[in-house]
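To start, the structure under review is shown below, and the notes come after it.
The values are calculated or read from the model by the stated rules, or taken from the named source; none is laboratory data. Predicted model, so just to flag it, every value in this text is computed and none were measured. As a convention, Cβ positions derive from the backbone with ideal geometry for all residues, glycine included, and neighbour counts pool all protein chains shown.
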Ligand SMILES: Cc1cc2nc3c(=O)[nH]c(=O)nc-3n(C[C@H](O)[C@H](O)[C@H](O)COP(=O)(O)O)c2cc1C
């Protein structure tokens, strides 16, 4: 089949140091995003997943908790997005090191995230550091394509181009969340071959249209990734590979540049000490997505399998796809395991929600013990700085 136009040129992204937060409720507000951005131990920052139209968050049913895989139950009440639990140590004591959540997406609309980032750029907060913001999005294929177009324009508008002249500035990437397990009647599209192809094609077309209208100018492409759910059998991985390879065939190059594996594992139930579901949920059963310690083995298996399949592809652009490994990393060992199975960078959510920015200090080795309020010297007033900077946005 002939290629509709010339391949898109996208400079490969760099996440250095290779540690970041993954999409989560602790990446909802400007203060949250600045907190992760200001840490010297992160090489990128991911936003919470947003929609063009926003998400109707109801705190009675969209919740999270932590639980102990040892005791098998949650010792906590359902928590709201603002809560960072002050875990006393890495193992979490009674709180435990796994999480369950019944969230949908961010109540803040996609355009607001662009406004926050534009504000940070214009206030000079991003000068001196080329740390990408990975904007997590979802919606229909058409809506995701629209997000892609808007991010491309944002990346290339005058203010962004200017901001990058001094060695720092604004860089955005887009991560398509195709794997949230908590939306009633909407199974994660990444489990379905037809849906995957639709999303990848929509992104390719958005990138090609942008390339065509701006073909005379110097422009910066957009690194686009897919967030995948934990796959459990080989045919699911092959569906992913085949969707990526067929897009490479059709468009001359694969429009997907990274895969973030994995999201939470759906259909999980955690009870409290009295035997009641620990969380509210859209269908009332308290069933949600599990992460943290309990997810680590399946996430590692997914990263290794995806890396092996990509590496064996005959398509150059598919072999070049990078992996952000996520799932149950809470220290140096887990970080090392993710890297050893093929992750270019490693992201965390549960440990970040449990401990806060000290989690980055600990994973990167800047502190040797971690727990309540423990951060390295460089991060001592980071919360305060993030709050102050966010104030004017
Ligand atoms: C409370 C909570 C909310 C989450 N919300 C999102 C989300 O909005 N979008 C997304 O792509 N992943 C979301 N995730 C999944 C995480 O980004 C991550 O993929 C998963 O939790 C595995 O990493 P972990 O074991 O370090 O938590 C959420 C995870 C948790 C714990």
**Report entry** Pair list, Cβ under 6 Å, 6 or more apart: the range 170-196 residue free of Cβ contacts under 8 Å to residues at least 24 places away in the same chain, other residue surrounded by 17 or more Cβ atoms within 10 Å (Cβ to Cβ) and assigned to a loop (DSSP other than H, G, I, E, B)
**Finding:** 189/178
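Please go through the range 281-309 and give me each residue that is part of a loop (DSSP other than H, G, I, E, B) and buried (at least 18 other Cβ atoms within 10 Å of the Cβ), ordered by number. Before the answer, list the steps.
Taking the range 281-309 first, the residues part of a loop (DSSP other than H, G, I, E, B) are 281-286.
Those that are part of a loop (DSSP other than H, G, I, E, B) and buried (at least 18 other Cβ atoms within 10 Å of the Cβ): 281, 286.
Which of the following residues is more than 23 Å from residue 181 (Cα to Cα) and at pLDDT 95 or above: 336, 356, 327, 292? Break it down into steps so the answer makes sense when it comes.
On the way: 356 fails: at pLDDT 95 or above; 327 fails: more than 23 Å from residue 181 (Cα to Cα); 292 fails: more than 23 Å from residue 181 (Cα to Cα).
It is 336.
Please count how many residues of the range 348-373 are surrounded by 20 or more Cβ atoms within 10 Å (Cβ to Cβ) and touching a helix residue (DSSP H, G or I) at 6+ places or on another chain (Cβ under 9 Å). Give the derivation first.
So the first thing to find is which residues in the range 348-373 are surrounded by 20 or more Cβ atoms within 10 Å (Cβ to Cβ), and the list is 348-363, 370.
Add one more test, that the residue is touching a helix residue (DSSP H, G or I) at 6+ places or on another chain (Cβ under 9 Å), and what stays is 348-353, 355-363, 370.
Selection size over the range 348-373: 16.
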Query raised in the report: Would a scan of the range 223-237 turn up a residue that is in a helix (DSSP H, G or I), touching a strand residue (DSSP E or B) at 6+ places or on another chain (Cβ under 9 Å), away from the ligand (no atom under 14 Å from the Cβ) and over 30 Å from residue 283 (Cβ atoms)?
Result: no
**Report entry** Complete set of residues in the range 48-71 that are crowded, with 21+ Cβ neighbours inside 10 Å, more than 21 Å from residue 98 (Cα to Cα) and touching a helix residue (DSSP H, G or I) at 6+ places or on another chain (Cβ under 6 Å)
**Finding:** 50
Query raised in the report: Which condition does residue 254 not pass, out of (1) out of contact with any helix residue (DSSP H, G or I) (no Cβ under 7 Å at 6 or more places or on another chain); (2) part of a loop (DSSP other than H, G, I, E, B); (3) buried (at least 24 other Cβ atoms within 10 Å of the Cβ), if it passes all the others?
Result: (1)
Query - Yes/no for residue 382 being surrounded by 22 or more Cβ atoms within 10 Å (Cβ to Cβ), closer than 20 Å to residue 25 by Cα and away from the ligand (no atom under 16 Å from the Cβ) - result: yes
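Run down 211, 206 and say which single residue is surrounded by 23 or more Cβ atoms within 10 Å (Cβ to Cβ) and part of a helix (DSSP H, G or I). Steps first, answer last, please.
Numbers: 211 fails: surrounded by 23 or more Cβ atoms within 10 Å (Cβ to Cβ).
Only one candidate qualifies: 206.
Picking from 169, 159, which residue would you name as being surrounded by fewer than 24 Cβ atoms within 10 Å (Cβ to Cβ) and part of a loop (DSSP other than H, G, I, E, B)?
On inspection, the qualifying residue turns out to be 169.
Sort out which residues of the range 260-280 are under 27 Å from residue 75 (Cβ atoms), within 14 Å of the ligand (Cβ to nearest atom) and in a strand (DSSP E or B), and write them in order of number. Even if it seems obvious, please write down each step before you answer.
Pass one, the range 260-280, residues under 27 Å from residue 75 (Cβ atoms): 262-280.
This time we only want the ones that are within 14 Å of the ligand (Cβ to nearest atom), so: 262-266, 268, 270, 278-280.
Listed by number, the residues that qualify are 265, 266, 268.
Looking at the range 122-130, can you tell me whether even one residue there is within 16 Å of the ligand (Cβ to nearest atom) and either in a helix (DSSP H, G or I) or surrounded by fewer than 21 Cβ atoms within 10 Å (Cβ to Cβ) (or both)? Walk me through it before giving the result.
Step one: filter the range 122-130 for residues within 16 Å of the ligand (Cβ to nearest atom), giving none.
No, the range 122-130 contains no residue that is within 16 Å of the ligand (Cβ to nearest atom) and either in a helix (DSSP H, G or I) or surrounded by fewer than 21 Cβ atoms within 10 Å (Cβ to Cβ) (or both).
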Report task. Determine whether the range 86-98 contains at least one residue that is within 28 Å of residue 385 (Cβ to Cβ), within 13 Å of the ligand (Cβ to nearest atom) and not in a loop (DSSP other than H, G, I, E, B). Result -> no
Query raised in the report: When residues of the range 338-359 are filtered for being within 13 Å of the ligand (Cβ to nearest atom) and more than 18 Å from residue 227 (Cα to Cα), how many remain?
Result: 6
Query raised in the report: Has the range 44-65 got at least one residue that is more than 15 Å from the ligand (Cβ to nearest atom), outside any loop (DSSP other than H, G, I, E, B) and closer than 25 Å to residue 280 by Cβ?
Result: no
Requested in this report: Give the residue that is surrounded by the most Cβ atoms within 10 Å (Cβ to Cβ), with candidates limited to residues of the range 19-40 that are in a loop (DSSP other than H, G, I, E, B) and away from the ligand (no atom under 15 Å from the Cβ).
Outcome: 39
